[in-house]
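Scroll down for the structure; my scribbles are underneath it.
The values are calculated or read from the model by the stated rules, or taken from the named source; none is laboratory data. Note that the structure is a prediction, hence the values are computed from the model and not measured. In this analysis, Cβ positions are derived from the backbone assuming ideal geometry, glycine residues included, and neighbour counts consider all displayed protein chains. Areas reflect the complete protein model, heavy atoms only, side chains present, ligands, DNA and RNA absent. Shrake-Rupley method; radii C 1.70, N 1.55, O 1.52, S 1.80 Å.
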Amino acid sequence: MSRDRNSKSKPKRISKISNSGSPSKPRTQKSARPRVEKSEESKEPKAPKEPRLMSQSEAKSYEKSFDRTSKPTGKRSGKSFDTRDKYVKGDSKFGGKKLFKNYVRPEDEGEKTRSFVQKRRFDKLAKEVPKETIRLNKYIANSGICSRREADELITQGLVVVNGAVVTEMGYQVQKTDKVIFDGQGITPEKPVYVLLNKPKGYISTTKDEKARKTVMDLVANASPYRVFPVGRLDRSTTGVILLTNDGHMTKKLTHPSFNMKKIYHVTLDRKLDRADLNAIAEGIRLEEGVAEVDSISYIEGKPKNEVGIEIHIGWNRVVRRIFQRLGYEVELLDRVMFAGLTKKNIKRGHWRILTELEVNNLKMMSS
């Protein structure tokens, strides 16, 4: 009786339709128990699933499949684009194809490395006057006389002569073979060089010697790419400082008596110099050219009385030796220790050095 009551109170269970479309058979009481237990378990809340990280191999296969399935949308997808690969690997990254189809490589090797700025400079130089000629103001400025602007003023004043004719035209072109004269002195468009030499004994102060004797030019052969000339002269047995330069304008001023370029000599006599003779030399000794005026003369402190220092500005030939010979003394050693403010300090005998910019400026101020 109880089994019938339960069947009446509970409605009959309708089975779901299977995928094949045929109704499933009603389950028996034995199979109903596990079904009820399963439905009760399904009512319980499910725990959230933890995300699982993909391995590198899975990620690569996923990216490959994503690249194959995705369509181009105008934006890059898949692997990130690395610009470094483009510039490191070059055309090989893109299958040997040229990135710029319209770009034509220059045939000339020089054109290949020439930048835009270099090309502009090259074109500018190509339009200039050939190197065989040079503007007159630049010619004068290169000789070391003055600046280009000052050279223009000298040209307009008619102080520059080219090949025997006065030139006042601005922008006049001069050839290397032309003879340019300023202030009565020939000039050359070379960079001025000033060499200070500590001359040893046995050398003469000329550029050439007919007797094939040693000259100061042998000592300064490697001092300058230009040909330099001695400023003034020292006789063969005289030692000391001597200046050599290619600046003809400077040479003329340094050797002209009106500029009073002072020179100091260390004199060693064959015997002691009397005080009376020393005073006589200080007052002036008459020679063939006139009275040899001496700026100063004194004994050298800590040296014997036969060694004296003498300062003089006149440039007569062998003037120091002749002054003492006039009073009966013979000069055994004569050493010039200063010329136009330049000394032989830190220059060994027979050695030379290039003047500093400050020393050159001082020379220009003294001769201005």
* To do: For the range 356-368, state whether one or more residues are in contact with a helix residue (DSSP H, G or I) (Cβ under 6 Å, 6 or more places away or on another chain) and open to solvent by less than 20 Å² (accessible area, probe 1.4 Å).
  => yes
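Yes/no matrix, rows are residues, columns are (1) open to solvent by 20 Å² or more (accessible area, probe 1.4 Å); (2) touching a strand residue (DSSP E or B) at 6+ places or on another chain (Cβ under 7 Å); (3) not in a loop (DSSP other than H, G, I, E, B):
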| position | (1), (2), (3) |
| --- | --- |
| 297 | yes, yes, yes |
| 301 | yes, no, no |
| 305 | yes, yes, no |
| 328 | yes, no, no |
* Structure fact -> Here the qualifying pairs (Cβ atoms under 9 Å; residues six or more apart or on different chains; first in the range 204-221 and within 20 Å of residue 241 (Cα to Cα) and small (Gly, Ala, Ser); second open to solvent by less than 50 Å² (accessible area, probe 1.4 Å) and part of a loop (DSSP other than H, G, I, E, B)) come out as 205/232; 205/234; 205/235; 205/238
* Condition met for residue 195 (surrounded by 14 or more Cβ atoms within 10 Å (Cβ to Cβ) and touching a residue at least 40 places away in the same chain (Cβ under 8 Å)) -> yes
* List, please: which pairs have Cβ atoms under 6 Å, are six or more places apart or on different chains, and start with a residue in the range 246-259 that is in contact (Cβ under 8 Å) with a residue 40 or more places away in the chain and closer than 18 Å to residue 142 by Cβ and end with one that is among the hydroxyl-bearing types (Ser, Thr, Tyr) and outside any helix (DSSP H, G or I)? -> 246/226
* Only residues in the range 267-281 that are open to solvent by 20 Å² or more (accessible area, probe 1.4 Å) count as the first member; pair them with residues that are among the charged types (D, E, K, R) and in a loop (DSSP other than H, G, I, E, B), Cβ under 8 angstrom, at least 6 apart or cross-chain, and list the lot. => 270/330; 272/305
* To do: Find the residue count for the range 209-219, including only residues that are modelled with pLDDT under 90 and within 23 Å of residue 143 (Cβ to Cβ).
  => 0
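Residue-wise test of (1) farther than 21 Å from residue 344 by Cα; (2) loosely packed, with under 13 Cβ neighbours inside 10 Å; (3) charged (D, E, K, R).
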site: 182; (1), (2), (3): yes, no, no
site: 190; (1), (2), (3): yes, no, yes
site: 205; (1), (2), (3): no, no, no
site: 218; (1), (2), (3): no, yes, yes
site: 224; (1), (2), (3): no, no, no
site: 244; (1), (2), (3): no, no, no
site: 263; (1), (2), (3): no, no, yes
* Asked: What are the residues in the range 149-173 that are of a type in the set (Asp, Glu) and in a loop (DSSP other than H, G, I, E, B), if any?
  -> 169
